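J.: Just dropping this structure here.
Computed from the coordinates by the stated procedures, all read-outs in this text should not be read as laboratory data. Everything numeric in this text was worked out from a predicted model, so none of it was measured. Please note: Cβ atoms are built from the backbone with ideal geometry, for glycine as well, and neighbour counts cover all protein chains shown.
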Amino acid sequence: MSAGMAAEVPAVRGVGVCAPLGFRAGAAAANVRGDGDIERLDIAVIRSDVPAAAAGVFTRNTVKAAPVVISQLTLRRGTPISAVVVNSGNANACTGAQGFRDALRMCSAAGDALALDPSEVLVCSTGVIGRAMPMERVLVGIRAAAALDDLSGDAVARAIMTTDTRPKVADATFGWNGADYVVGGMAKGAGMLHPDMATMLAFVTTDARVTAPALQTLVRRVADDTLNCVSVDGDTSPNDSLVALANGAGGETVFEEGTQPFGLLEDAVRDVCDSLAEQLVADAEGAQRYFRVAVSGAADVGQARRAARIVAQSPLVKAALHGGDPNWGRIVAALGRSGATFTLDRCSVGIGGITVFARGAPVDADLDIVRTALLQPRVDIQADLGAGDASGHAWGCELTDEYVHINADYTT
């Protein structure tokens, strides 16, 4: 490849946070939940072999878990980060001053195990709110998880799971100036998912060289396009966190904002996060089917995204999907209450590529074909508002009895 020539970003493959050069990880079973399951992985450590630029996007919930506050304060210093320590099974949220001490102890324990200063370590937690951390078991688990290698991408993705049924990992590769760069990622979350991420933890690693401020801009923009477009149940959590690390191990190019290589890096991060977003909603609690709402013809991007999100989070739309009911009126009604600017006589709606409503009136579509589309594992809903050129999308899933059962018994 000649200098300065860009390679097309290929499809996401799914190796995870260990895919980029210079990243290793480890996982351990510490019985954080206290249920006696000594086989379930629940401690994860991600390590960059060299200090990395770091960025993060966190919950906007007023109630923030102690690890969120600690990690936000660490990132505000703008100093490089070398590791992230994560536990599942306990949110360390609403746990008072002790919760903050416990989050700091997790950073110190990881630092000791990895020969790092605690200020180089970020901390994340996910699980049940309002329970004290079982720190004796957690600290043992951190020491065990610090036995790192570059083949543990799947193991650490399993270690951060709560009600997830499977790990979510992704990666993408792109070329620039004779070097190949890799972006890897993993995420968890199956319920309490709603825009602004909710009970979502997501981690992105890359061997590209980029400054922390530029990485922060990129991560915020990508999050708005991908992970913040997921809604399972309309609830948001005190723990949601998206953390990105860039260690520069892949080559000498500095990826600066406004340049072509920076655009390639952003595309790769977006590919990874979009894959993770779809994997999250596909594994939503109790759901067998999920859907993507694509809104076009909006007056601006903000209106397009909001319209898509309102449809995706509508309980009536979710129920119709569960029943395979081609009740497109619920989609139109949700669009109407979204606040997006449009007139009904210019609006059209499609399900599975079949137009069911256009120019203010029903279309004579074969509803049996529409029903068949609604019974597929993934359903695509299209809406053209006819009010402009902007577009946006959102992810949603069916609402089932099983979702209620899972959350009725979550702490027991």
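J.: Go ahead and collect, in residue order, the members of the range 306-330 whose backbone nitrogen is under 18 Å from a label point 7 Å along the Cα-Cβ direction of D368.
T.: 324-327
J.: I need the trypsin sites (Lys or Arg not before Pro) found in the range 352-381, filtered to DSSP loop residues with at most 16 other beta carbons within 10 Å of theirs.
T.: Taking the range 352-381 and a limit of 16 other Cβ atoms within 10 Å, the loop trypsin sites (Lys or Arg not before Pro) found are R359.
J.: Just in the range 272-346: which trypsin sites (Lys or Arg not before Pro) are loop by DSSP and have at most 11 other Cβ atoms within 10 Å?
T.: Hits after loop and neighbour filter: R337.
J.: A further question follows. DSSP loop trypsin sites (Lys or Arg not before Pro) in the range 17-89 with at most 13 other Cβ atoms within 10 Å of their Cβ, which ones?
T.: Passing both the DSSP loop test and the Cβ count: R60, R77.
J.: Right, next: Find which of Q376, L335, Y290 sits farthest along the positive direction of the dipole of the range 253-386, computed with +1 on the beta-carbon of Lys and Arg, -1 on that of Asp and Glu, about the Cα centre.
T.: Final value for the positive-end residue is L335.
J.: Using alpha carbons only, how many degrees (0 to 90, rounded to 10) separate the axis of helix 135-145 from the longest principal axis of the chain?
T.: Helix 135-145 sits at roughly 90 degrees to that axis.
J.: Sort E39, E278, E285 so the one with the fewest other Cβ atoms within 10 Å of its own Cβ comes first.
T.: Ascending Cβ contact count within 10 Å gives the list E39, E278, E285.
J.: Translational D (Stokes-Einstein, µm²/s) of the range 23-280 at 25 °C and 0.890 mPa s when Rh comes from the Kirkwood sum over C-alpha pairs?
T.: D = 138 µm²/s.
J.: Then there is this: Gaussian network model of the chain, Cα springs within a sub-10 Å range: biggest mean-square fluctuation belongs to which of T205, T79, T259?
T.: T259
J.: Less than 19 Å apart at the alpha-carbon level, and either on another chain or at least 8 residues along: which lysines does that give for K188?
T.: Within the straight-line cut-off, K188 pairs with K64, K168.
J.: Would you be so kind as to identify which of G258, L227, A115 lies farthest towards the positive end of the dipole of the range 23-280, taking Lys and Arg as +1 and Asp and Glu as -1 on Cβ and the Cα centre as origin?
T.: Working it through, the farthest residue towards the positive pole turns out to be A115.
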